[in-house]
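Student: Once you've had a glance at the structure underneath, I'll fire off some questions.
Nothing in this text is a laboratory measurement; each read-out follows from the coordinates by a stated rule. These numbers were taken from a predicted model, which means no experiment stands behind them. Cβ sites come from the backbone with ideal geometry, for glycine too, and all protein chains shown count toward neighbours.
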Number of protein chains: 2
Amino acid sequence: MHCGCRAGLFLAAVLALWALKPAAVFGDEGLWLFNNVPKEQLKKNHNFDAEQKWLDHVQLSSVRFNSGGSGSFVSAEGLVMTNHHVAADSLQKMGKEGYNPYRDGFHAKRLADEHKCEGIELNVLINMTDVTKRVNEAVKPGTTPEDAAKARRAVMNTIEKESTDKTKLKSQVVTLFQGGAYHLYRFKKYTDVRLVFAPEQQIAFYGGDPDNFEYPRYDLDAAFFRVYEGGKPAKTPHYLKWSTKNLTDNELVFVSGHPGRTNRLATLADLAYQRDVGFPSMLQRLNRLEVLLATYSDRSEENARQAKELFFGVQNSRKARIGGLAALLSPELWAFKSKEEARFKKAAEEREELKGAKSAWQRIAASQKVRASNIKKYTLLERRAGAFTEYFGFARTLVRAGEERTKANKDRLREYSDANLESLQEDLVADNPIYPAYETALLTDSLTYLAGELGSTDPLVRKVLAGKSPRARARELVNGTKLGDAKVRKALYEGGKKAIDESTDPMIVLARLIDPEARAVRRIIEAEDEVTRQAYGDVARVQFALDGARTYPDATFTLRLSFGTVKGYEEEGKKIPFQTDFAGMYKRSAAHKNKGAFELPKRWLEAKKDLDLKVPFNFVCTVDIIGGNSGSPVINRDAEVVGLIFDGNIQSLAWDFRYDDKEGRSVAVAATGIIEALRKVYKANDLADELLGKKAAVSRR
Amino acid sequence: MHCGCRAGLFLAAVLALWALKPAAVFGDEGLWLFNNVPKEQLKKNHNFDAEQKWLDHVQLSSVRFNSGGSGSFVSAEGLVMTNHHVAADSLQKMGKEGYNPYRDGFHAKRLADEHKCEGIELNVLINMTDVTKRVNEAVKPGTTPEDAAKARRAVMNTIEKESTDKTKLKSQVVTLFQGGAYHLYRFKKYTDVRLVFAPEQQIAFYGGDPDNFEYPRYDLDAAFFRVYEGGKPAKTPHYLKWSTKNLTDNELVFVSGHPGRTNRLATLADLAYQRDVGFPSMLQRLNRLEVLLATYSDRSEENARQAKELFFGVQNSRKARIGGLAALLSPELWAFKSKEEARFKKAAEEREELKGAKSAWQRIAASQKVRASNIKKYTLLERRAGAFTEYFGFARTLVRAGEERTKANKDRLREYSDANLESLQEDLVADNPIYPAYETALLTDSLTYLAGELGSTDPLVRKVLAGKSPRARARELVNGTKLGDAKVRKALYEGGKKAIDESTDPMIVLARLIDPEARAVRRIIEAEDEVTRQAYGDVARVQFALDGARTYPDATFTLRLSFGTVKGYEEEGKKIPFQTDFAGMYKRSAAHKNKGAFELPKRWLEAKKDLDLKVPFNFVCTVDIIGGNSGSPVINRDAEVVGLIFDGNIQSLAWDFRYDDKEGRSVAVAATGIIEALRKVYKANDLADELLGKKAAVSRR
């Protein structure tokens, strides 16, 4: 599954953020910015004219989920399509003992039944402005990395604040080409987001972990939300119409979405770091969490319900990381990258105008060493792996919000800048359920992990454990804290630094205790980010000089347009057709006696007689995507929805480092399959009619 | 579950083997040697006379499983009782696609149906001789640790060979008090071992991972084998009679079995090593394996069948290690051990006759440092975690057997000494099933682990991977090897060094490639074992001087007698009665809707109407046990079977380091429950009658 959701949070700490792009373009490779679409290539290879009107329409129809993931408007009345697994966090939070919409699905037959989800925010990119010059001028030559990082943060915070004050739009300075460019993005923000429809997780994720990142597939990984304004469905004139035609082999298709992170410009030293440090240590943590969550879930149905979404996210990340690590261990990648790096280095040596870049590779290598020796502590303290409970997350946010808000906007940590505070506060006070026994299990395990990784004689570990065993300490903290109550959090947040300083809530006390060391290691990592940012800026210059317009920035969870063709592939001598149908799904279920991951929901067994079994269900295409693209619409030349991205195959996991369309494919739900399922399985004819433009939602009272 | 079975193999590498015993005796603490039973304590506390005849009878009725685990003779015709989970390996190997006795149970109604298990060996301890003087004299003072280890190995190999030649009994020099004593043990060996009865794994392990190491419990964790000689049931005049009486509160009971390993004399430095290095790194590997096996199992029913026993073993070890680590992280243990260590050190400082021991603690601490920096490589190369497939195990044995057999017996690695070769050969050529796709999955993962841990630029890792990715290399090795064929292994073994040297089998080539480095790191570890052995010998001397006869050696998988009382306990303010009954089992099932780990086998649902629901099913007692005791009989004053050890509760996991009967308990199946289940659920009246001495087995044609 291609989400960048909750489990993705763990990854951020370990995966390098600082790689840019280049390398020779391969087939339809490319995660293109909407203001830099390769129009010539589209014209030449696909006879497609990328007109500005078409591009603007698609951009304004595209939606970003703050929880990680993509979506699109699919009706004029604010209807948003995304993946079930992007909606998972909301579905999880809606549930309670005895009520499990994540597992069993959800369907609001009337507008009034649409379920308002707490703490979810959707953003639509309105416009982009290049602010590279202003950002770079703020960093004076010769500044130390730590001061450079500070200066850069300051100017970015300031630009955002100015923009927000002026436009009232959510404003964000995004880093592209890793510091090769900085753009100011302005978003329209929707915070009243309601769930309309989601199927059972069993069909959304049919085939479960065994089939995840595999193909052929049979998944209805779809969900629909609706955004509201002023208590009414928002008016969204820019939305994607629905195609009722089946796809044809080699048809040109586009994907508009928010790929989270790629590392395609990574140097050999950077790749070696990820292969030897980043990925193995991340997998170690994911394995640990997966076992913990499986164990917790096995104890009862209610436990399983509580842990379900995180469990899914962890399994998904684990399988993705295993695929990524396999790519990092493949000699083919190294052969290719070595050649590229030699080509770049040669140019830097030989061309006078590039000579400043000569030391870039060495600077990155040196920086990776510093990173390698700090990443463990950074992950445990700053990324919270050592106190992995929601309570501590609240406490951390409160403690830092207390302190940061006493500073000038420009001096704050990025996530506490004025431009970000509103979203942060909404997230903090969202009244979502929290389960003390579950949190105790997570905290016991993470305190044990902390002690194991830093050593139980480490002075900070001793202070954190306070002379108790991890289990006893976790119980004491969870039983003692009041932060599970949204009202308590709100009061502390509003009370500011004074209220936080005076608080004796044990979780707040713990967050205060850890904060100095967490901030210290964050400063080290951010200084190294600045070193690599500058070095990669140089590498990008070389790349640009050699490859020119063929370059696009590495993914950074900003909006991109990709394109490619609907196409099957060959795997170990076996031809795999581009699409599957409902008949294939029932066959797969029968082959596994309808058991385990291959069990169909009851509703689907009963609907077999009604379904047209030949309707296409899932398909693959060569479009370039990565985690974060989950929920992206697949559209045709006419900007009509023909599918919904939800995954890539195993081979596509290597796209993190290098795109290759020999076997690598994106996997999508077919638009025709969605309509067929909505009508025949879920009797959701109103929703299907809204998608097809046949019936207004407001008529559904 | 208290086995020391296959999963236990992984543990050996990380858990210190060299700790002995002492510390103040607590309640009925003690893992007593049969030639050193605390008769006075038994008389005083329990008014029991431990007569030699009674002791001899119990000793000769006790059985050790070479696969790890304990058992006992329970009829004059070679019937052996043990746990289902000790029989798991045999049950796993009996299965094939579509036939799953491990899951579904097994019952031989006639003698002719009793199933011969390949590669299983049972040992009965016949006698013990003290050879301490001879072993110690072979190691000259002032020898380097490496030479000392060699000399000690040589004399042990020689003593065993002399004994085997003279008595024809399997002979083994066992290390007790970590070098405080060496005893020559002689065993009668049974290699024709046939399975008679095993229930469904679902009832043997009722409650699954959630209930493992917990109490109350409802498990029929029992299985019966029969040993044969000359194709007929062996005559076993020493066997335990069966009690038909229910247990009473506070009743005295005994356990005779083979506790695998305790670390109760471990110094603080040793405990710190285990807390900071040993346990965390072991858990890391177990988590990794658990996720891999869960993933493999989820793909199909047949996959699940193949991986079942290892999966169970890994989960079991994981839960045990988490419990052990929790004990190691508890301040209570450290407070107690610190006091003990101070007491010992004081005595070593003050008493002239103990002054040689003064440096012991420092020597152990220094040795742990060497161990900490070598244990990763040792685990990966020598313990085979880096090439974790049965094929490589065969290749390793063949390569080493080829080389070691060219050496004089005294110079060989211990497992290739003449006294051990016969058992080794039987294990090697046992014709058990092997599944290439399963082995490929395990090998891919372990090669990836190897690359991650040693770094993929490590010269040996490069050679092992041979320029391929782990997945490609694993496929090539598994597809290329012929070692899955028992006849091929037999031929290579018999061909000796020449045949091995000439073999081009890729797995043999790999084993040859790894062997020099594996042997080198083994030499380092064994030299450190010698250092700690000598140092712990000193610590033991101090302990003995202070505490005298209250001491017993730490567990070493040698036969021990423990005793205690049948007794409930209090946990978080809740009273937990000493026994459960069948009614409780049905209640637990109903509370979980008979789902997941709490699902009862169909046969048990149907038998509810026939069972006397008040018959005791499981019970707890204070008897001192540890992993390896699985399958041990629980007997009363009259040496009658009243139960069958299969587990300890969570609190008992701390017994690895310190016994405490406040909440810690051993968990057993009640003898009465076994008979009731055999008759009412399984209609195994013949077997029940044999246990009760009512009907001879030979009548069952």
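Student: How far is the Cα center of the stretch A:570-611 from the Cα center of the stretch B:359-422, in Å?
Tutor: 49 Å
Student: Provide a whole-number value for the mean count of partner chain Cβ atoms within 10 Å of the Cβ atoms in peptide A:291-301.
Tutor: Mean shielding count: 6.
Student: Given a Förster distance of 45 angstrom, what is the FRET efficiency for residue A:358 paired with residue B:414, based on the Cβ-Cβ distance and rounded to 0.05?
Tutor: Once the sixth-power term is evaluated, E becomes 0.20.
Student: Would you work out the relative contact order for chain A, in percent, from Cα pairs under 8 angstrom that are 6 or more residues apart?
Tutor: 27 percent
Student: Are any of the pairs A:308/A:587; A:116/A:498; A:319/A:463; B:170/B:339; B:44/B:614 more than 31 Å apart by Cα-Cα distance, and if so, which?
Tutor: Over 31 Å Cα-Cα: A:116/A:498; A:319/A:463; B:170/B:339; B:44/B:614.
Student: Enumerate the residues in the stretch B:467-493 having an amide nitrogen under 15 Å from the point lying 7 Å beyond the Cα of residue B:504 toward its Cβ.
Tutor: Hits in the stretch B:467-493 for residue B:504 at 15 Å: B:480-482.
Student: Now a separate question. Once you order the gyration tensor axes a ≥ b ≥ c over the Cα atoms, which shape class does the stretch B:624-701 get: rounded for a/c under 1.5, otherwise prolate or oblate by comparing a/b with b/c?
Tutor: prolate
Student: Continuing with the same structure: Which of rounded, prolate or oblate describes chain A when judged by the alpha-carbon gyration tensor and an a/c cut-off of 1.5?
Tutor: The shape class here is rounded.
Student: A follow-up question, please. Below 8 Å, C-alpha to C-alpha, sequence gap of six or more: please give me the relative contact order for the stretch A:552-658 in percent.
Tutor: Values: 102 pairs, mean separation 28.6, N = 107.
Relative contact order here is 27 percent.
Student: What nm distances, shortest first, do you get from the label point of residue B:137 to those in the other copies when the point sits 7 angstrom along Cα to Cβ?
Tutor: Here the equivalent label points are 9.4 nm apart from this one.
Student: Further question on the same structure: Out of all DSSP beta bridges in the protein assembly as shown, what portion is antiparallel? Express it as a percent rounded to 5.
Tutor: 95 percent
Student: Hey, can you grab everything whose amide H is under 5 Å from the amide H of residue A:229? Only 5+ residues off in sequence or another chain; H modelled, so Pro and N-termini drop out.
Tutor: The list, which skips near neighbours in sequence, is A:234.
Student: Sort B:313-320, B:343-350, A:508-515 by the packing proxy (mean of other Cβ within 10 Å over each peptide's residues), most packed first.
Tutor: B:313-320, A:508-515, B:343-350
Student: Skipping prolines and chain starts, which residues have an amide H placed within reach, meaning under 5 Å, of the one on residue B:241, given they are 5 or more residues away or on another chain?
Tutor: Long-range HN contacts for residue B:241: B:641.
Student: Using Cα positions and a limit of under 20 Å, work out the aspartates and glutamates in reach of residue B:39, with same-chain residues fewer than 8 apart set aside.
Tutor: Leaving aside aspartates and glutamates fewer than 8 places away in the same chain, those within reach of residue B:39 are B:28, B:29, B:49, B:51, B:56, B:251, B:547, B:554, B:624, B:638, B:640.
Student: Scan around residue A:257 for amide H atoms under 5 Å from its own, H built in the peptide plane at 1.01 Å from N, and keep only partners 5 or more places away or cross-chain.
Tutor: The list, which skips near neighbours in sequence, is A:560, A:562.
Student: Using 7 Å Cα-to-Cβ label points, what is the residue B:605/residue B:44 separation (nm, one decimal)?
Tutor: Here the answer is 5.6 nm between the modelled labels.
Student: Compute the length gained on full extension between residue A:425 and residue A:137: take 0.36 nm times their separation in residues and subtract their Cα-Cα distance, giving the result in nm to one decimal.
Tutor: Length gained, residue A:425 through residue A:137: 100.5 nm.
Student: Points 7 angstrom from Cα along the Cβ direction at residue B:696 and residue B:466: gap in nanometres?
Tutor: The answer from the label model is 5.9 nm.
Student: I'd like the distance separating the alpha-carbon centroids of the stretch B:140-189 and the stretch A:647-701, in whole Å.
Tutor: 70 Å
Student: Taking the Cβ of residue A:485 as the centre, find all other residues whose Cβ is under 15 Å away and add up their charges (Lys, Arg: +1; Asp, Glu: -1).
Tutor: -2
Student: Also: So which of A:662/B:468; A:593/B:482; A:93/B:575 end up more than 25 Å apart by C-alpha?
Tutor: Beyond 25 Å between Cα atoms: A:593/B:482; A:93/B:575.
Student: Short version: ³J(HN,Hα) in whole Hz for each residue of the stretch B:407-417, in order, from phi by Karplus 6.51 cos²θ - 1.76 cosθ + 1.60 (θ = phi - 60°), x for Gly and Pro, what are they?
Tutor: Rounded to whole hertz, the list is 9, 5, 3, 5, 8, 7, 4, 3, 6, 10, 5.
Student: Here's a follow-up. Evaluate the charge dipole of the protein assembly as shown about its Cα centre and quote only its size in Debye, nearest 20, assuming +1 on the Cβ of each Lys and Arg and -1 on the Cβ of each Asp and Glu.
Tutor: So the dipole magnitude of the protein assembly as shown works out to roughly 380 debye.
Student: Closest to the A-onto-B rotation axis, which residue of chain A has its Cβ, and how many Å off the axis is it?
Tutor: Spelled out, residue of A and its Cβ distance from the axis onto B: A:287, 2.
Student: Continuing with the same structure: Please report, for residue B:463, the nm distances (one decimal) from its label point, 7 Å out from Cα along the beta-carbon direction, to the equivalent points in the remaining copies, shortest first.
Tutor: Between copies, matching label points for residue B:463 lie 4.8 nm apart.
Student: What ³J(HN,Hα) values, in whole Hz, does the Karplus curve 6.51 cos²θ - 1.76 cosθ + 1.60 give for the stretch A:175-183 when θ = phi - 60°, with x put for Gly and Pro?
Tutor: Values, residue by residue: 8, 10, 6, 6, x, x, 8, 10, 10 Hz.
Student: Need the list of lysines near residue B:150 for cross-linking: C-alpha distance under 19 angstrom, and skip anything on the same chain fewer than eight residues off.
Tutor: Once the sequence-local lysines are set aside, what remains near residue B:150 is B:133, B:140, B:161, B:407, B:410.
Student: Same structure again: Would you mind computing, in nm to one decimal, how far apart the modelled labels at residue B:232 and residue A:214 are, each placed 7 Å from Cα along Cα→Cβ?
Tutor: 5.4 nm
Student: Any chance you could run the full-extension gain for residue B:497 through residue B:662? It's 0.36 nm times the residue separation minus the Cα-Cα distance, nm to one decimal.
Tutor: Result: 53.8 nm gained on full extension.
Student: Here is a further query. Rounded to whole Hz and in sequence order, give me ³J(HN,Hα) for the stretch B:308-315 from the Karplus expression 6.51 cos²θ - 1.76 cosθ + 1.60, θ = phi - 60°, writing x for Gly and Pro.
Tutor: My calculation for the stretch B:308-315 gives 3, 5, 5, 4, 4, x, 5, 4 Hz in order.
Student: So for each of A:177-183, B:587-593, A:209-215 I average, over its residues, the number of other beta carbons within 10 Å; can you give me the resulting order with the highest mean first?
Tutor: On the way: A:177-183: 22.6, B:587-593: 14.3, A:209-215: 19.9.
Ranked by mean Cβ neighbours within 10 Å, highest first: A:177-183, A:209-215, B:587-593.
Student: Shortest first, in nm, what separates the label point of residue A:476 from those of the same position in the other copies (7 Å along Cα→Cβ)?
Tutor: The projected label point of residue A:476 is separated from its counterparts by 5.6 nm.
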